[in-house]
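The values are calculated or read from the model by the stated rules, or taken from the named source; none is laboratory data. Computed from a prediction, not measured in an experiment: that's the story for all the values here. With ideal geometry, Cβ positions are generated from the backbone for all residues, glycine too; neighbour counts draw on all protein chains shown.
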Amino acid sequence: MHSSFKIINGTLLTPYRMLPRGTVVVEQGVITAVLEQGVDAPDLPEIDAQEKYVSPGFIELHVHGGGGHDFMDGSVEAFLKIAETHARFGTTAMVPTTLTSSQEALFNTLELYEEANGANQRGAKFLGLHLEGPYFAMSQRGAQDPRYIRNPDPAEYRDIIRRANGSVTRWSIAPELPGALEMGRFLRSEGIIASVAHTEAIHEDVVLAAENGYSLMTHLYSGMLGVTRRDAFRYAGAVESAFLLDEMDVEIITDGIHLPPPLLQLIYKIKGPDRIALITDAMRAASLPPGDSILGPLDNGLKVLVEDGVAKLPDRTAFAGSVATADRLVRTITQQAKVPLLDAIKMASSTPARIMGHENQIGSLTVGKAADVVLFDENIEINMTIIDGKVVYSQS
């Protein structure tokens, strides 16, 4: 299909309403019209949606891998295969995410990202890198490698940003660590999102962080404290801070396992769809059958067991990562948490686009945006994925 066409006979999910039997007109990869039933459309090749939903493509802010690959595997092929894998499940743009690692592995990933971003790919497009670590609280590290966890070092992180040459767009940090507030100010000055993550912070720490450049919570509830007690006194934790600070955006893993439906409902009720981004936080086993896998790079990553729709430590004492895909995120939050479909799509598309500063280019079915479009049925099973007006996946 050429990059100029029209999608007909679908239920369009616009930022404002569901539009039954509407038409989306795409010319040279850009949306040029969104039309109601019966309105004449230009004479262009047609994609018949066959009454399926027509949605903006899903935007993934936090993903480590999929299809048997990890972004830290040390190859351009891994980047491209992950992007192709997630495109099959409706993701049209993503932020590749690192794990806490050696500097050598990180610098190699920075270089490979630039090469992969310039390659001719048939998968989700890249929106910059997300560095997850190494500046974390050891007690909240989760599956992050403890050998490399440390406090922020200005010489180190400034060198990383210099080497990244503009490719780093967000960085997850524990804001209570010595030097973390200074780092937040530096990242903000560089136009990079500072995100609260893997942290022992209490409310007072998070307020300071928000005043010093932090604007996002990485996988809310995971790797952070709720209400805690110190010397018999109770303190609000990072979780409560996310609710109290209206301007703080949050991302949530809606695989139905990391957060049960009541917590999803609570987050949705308090934060609302304009402040929530759905994320997979997926590792390499996403889209693969259950069994043994590896979190992180193949050569020295953490062995994990994938069962019950999630990655676990081999002794089953804790989760070790997600194996979700974007369709599952939307399916879970609509079917289990009973969130309206339009709000779920907003949390999977326009809100992530706004968080990443791309709201004028992607994230909704509106005129002037890139033609990043997904067709799916009532069970959120993906029928077609279109990126920049090109069909990159189709069931038929």
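Computed values, structure above
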{"read-out": "Pairs, first assigned by TED's automatic domain parsing to the domain that holds PRO273 and under 18 Å from ILE279 (Cα atoms) in the stretch 243-254, second of a type in the set (D, E, K, R) and surrounded by 20 or more Cβ atoms within 10 Å (Cβ to Cβ), C-beta under 8 Å, six or more apart", "value": "MET248/ARG275; ASP249/ARG275; VAL250/LYS271; VAL250/ARG275; ILE253/ASP281; THR254/ARG328"}
{"read-out": "Filter result for LEU288 (surrounded by fewer than 24 Cβ atoms within 10 Å (Cβ to Cβ), touching a residue at least 60 places away in the same chain (Cβ under 8 Å) and either under 27 Å from GLU381 (Cα atoms) or charged (D, E, K, R) (or both))", "value": "yes"}
{"read-out": "Top-ranked residue of the stretch 154-178 - restricted to ones that are assigned to a loop (DSSP other than H, G, I, E, B) and out of contact with any Gly (no Cβ under 7 Å at 6 or more places or on another chain), ranked as surrounded by the most Cβ atoms within 10 Å (Cβ to Cβ)", "value": "ALA174"}
{"read-out": "So SER222, is it closer than 30 Å to LEU313 by Cα and either in contact with a Cys (Cβ under 7 Å, 6 or more places away or on another chain) or in a strand (DSSP E or B) (or both)", "value": "no"}
{"read-out": "Qualifying residue in the stretch 208-215 (condition: in the same structural domain as GLN140 (by TED's automatic domain parsing), in contact with a strand residue (DSSP E or B) (Cβ under 9 Å, 6 or more places away or on another chain), farther than 14 Å from SER195 by Cα and not in a strand (DSSP E or B))", "value": "no"}
{"read-out": "Residue in the stretch 294-307 that is surrounded by fewer than 20 Cβ atoms within 10 Å (Cβ to Cβ), β-branched (Val, Ile, Thr) and at pLDDT below 95 present", "value": "no"}
{"read-out": "Any hit, the stretch 40-61, residues being surrounded by fewer than 18 Cβ atoms within 10 Å (Cβ to Cβ), part of a loop (DSSP other than H, G, I, E, B), in contact with a Pro (Cβ under 8 Å, 6 or more places away or on another chain) and at pLDDT below 95", "value": "no"}
{"read-out": "Checklist (1) in contact (Cβ under 8 Å) with a residue 60 or more places away in the chain; (2) over 20 Å from the mean Cα position of the chain (by Cα) applied to SER364, failing item", "value": "(2)"}
{"read-out": "Residue within the stretch 239-259 that is among the hydroxyl-bearing types (Ser, Thr, Tyr) and either in contact with a Gly (Cβ under 7 Å, 6 or more places away or on another chain) or part of a helix (DSSP H, G or I) (or both) present", "value": "yes"}
{"read-out": "Matching option when the condition is basic (Lys, Arg), crowded, with 19+ Cβ neighbours inside 10 Å and assigned by TED's automatic domain parsing to the domain that holds ALA78, among LYS271, LYS338", "value": "LYS271"}
{"read-out": "Some residue of the stretch 239-249 being among the aromatic types (Phe, Trp, Tyr), over 19 Å from the mean Cα position of the chain (by Cα) and more than 22 Å from HIS86 (Cβ to Cβ)", "value": "yes"}
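Yes or no, residue by residue, for (1) surrounded by 16 or more Cβ atoms within 10 Å (Cβ to Cβ); (2) assigned to a helix (DSSP H, G or I); (3) without any contact (Cβ under 8 Å) to a residue 12 or more places away in the chain:
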position: PHE79; (1), (2), (3): yes, yes, no
position: PHE89; (1), (2), (3): yes, no, no
position: ALA93; (1), (2), (3): yes, no, no
position: ALA116; (1), (2), (3): yes, yes, no
position: ARG122; (1), (2), (3): no, no, no
position: SER139; (1), (2), (3): no, yes, no
position: ARG147; (1), (2), (3): no, yes, yes
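Residues are listed down the side, and each one gets a yes or a no for (1) in contact with a Leu (Cβ under 6 Å, 6 or more places away or on another chain); (2) crowded, with 18+ Cβ neighbours inside 10 Å:
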position: VAL196; (1), (2): no, yes
position: ILE202; (1), (2): no, yes
position: ASN212; (1), (2): yes, yes
position: THR218; (1), (2): no, yes
position: GLY223; (1), (2): no, yes
position: GLY226; (1), (2): no, no
